[in-house]
Amino acid sequence: VANDEAAAKLIPTAQLKKYIAYARENIHPQLTQGASEKLVAGYVQMRYNGFTTGGAVYNDKTIAATPRQLESLIRLAEAHARLRLSATVEESDVEEAIRLVEVATQRAAVDPETGRVDQEQFTRGRTAATQRKMELLAEAVMHAVAALGGGDHATTAVMQAAREKSPAHISDEEFRAALGHLRSENRVLLLRGDRFVRVLE
């Protein structure tokens, strides 16, 4: 019986297409004062969430929202109102838009190391914490090469020296990533199938 009731509520595809086309062509909702205020408040809260965790305030590149996300909130709220065939965007439309953005952001941009929303996930494909860790690893590798003296050095020797100087363990994967980072910045040259490292002055 439950399945029959659910099937009865389904909208035929052709009818749904006509509904969407009509809404897109004829419905152009305007923001109400209350909806506008709720948009601003929601956006401010999203930005604040990116700078704070556990009551502590951070001053780094990790943020939860940018003006582009505000534009997305507005478009989503308008689309939600349009689906209702409403001439105005109400606070309930804004609430749904905020919910959708928060769910999408939470899934796509939470830094597993800090538990914080990190916009770097969207723009660079890595979190700000991961980027900082990479930079520290790269510097550790550079210090290791400097300690070995001038000339070309076996990659294995550089890795061993970096591990000896680093207070935290450096895995093979992390070492290779750090070398790749240094090469992309033209700070080192990898030779003979990446088996040797040369510092570029």
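The values are calculated or read from the model by the stated rules, or taken from the named source; none is laboratory data. Predicted, not measured: the structure shown is a model, and the values here were computed from it. Positions of Cβ are generated from backbone atoms using ideal geometry, with glycine treated the same way; all protein chains shown enter the neighbour counts. Ligands, DNA and RNA are stripped out before the accessible areas are found, and what is left, the full protein with its side chains, is counted by its heavy atoms. Shrake-Rupley method; radii C 1.70, N 1.55, O 1.52, S 1.80 Å.
Whenever you get a sec, line up Thr156, Thr32 from highest to lowest accessible area (probe 1.4 Å, protein heavy atoms).
On the way: Thr156 95, Thr32 35 Å².
These residues rank, largest area first, as Thr156, Thr32.
Round to the nearest 10 and report in Å² the accessible area of His80, as given by a 1.4 Å probe over the protein chains' heavy atoms.
The value for His80 is about 60 Å².
Give the lysines reachable from Lys133 as a straight Cα distance under 16 Å; neighbours fewer than 8 places away on the same chain don't count.
Lys61, Lys165
Which of the lysines could be linked to Lys9 by a straight reach, that is with a Cα gap under 23 Å, when you skip same-chain ones fewer than 8 residues away?
List returned: Lys17, Lys18.
By how many nm would the segment from Glu185 to Thr66 lengthen if fully extended, with 0.36 nm per residue of separation less the alpha-carbon distance?
Result for the pair: 40.1 nm of gain on full extension.
Between Tyr48 and Thr32, how many nm apart are label points set 7 Å from Cα along the C-beta direction?
About 2.4 nm separates the two model spin labels.
Taking amide H positions as placed in the peptide plane 1.01 Å from N, state which residues far from Thr88 in sequence (5 or more) or on other chains have amide H under 5 Å from it.
Under 5 Å from the amide H of Thr88 lie the amide H atoms of Gln30, each far enough along the sequence or on another chain.
Provide the FRET efficiency to the nearest 0.05 for the Lys9-Glu173 pair, computing r from the beta carbons and using R0 = 45 Å.
It comes out at approximately 0.35.
Between Ala147 and Ala21, what length in nm is gained on full extension when 0.36 nm per residue of separation is reduced by their alpha carbon distance?
38.6 nm
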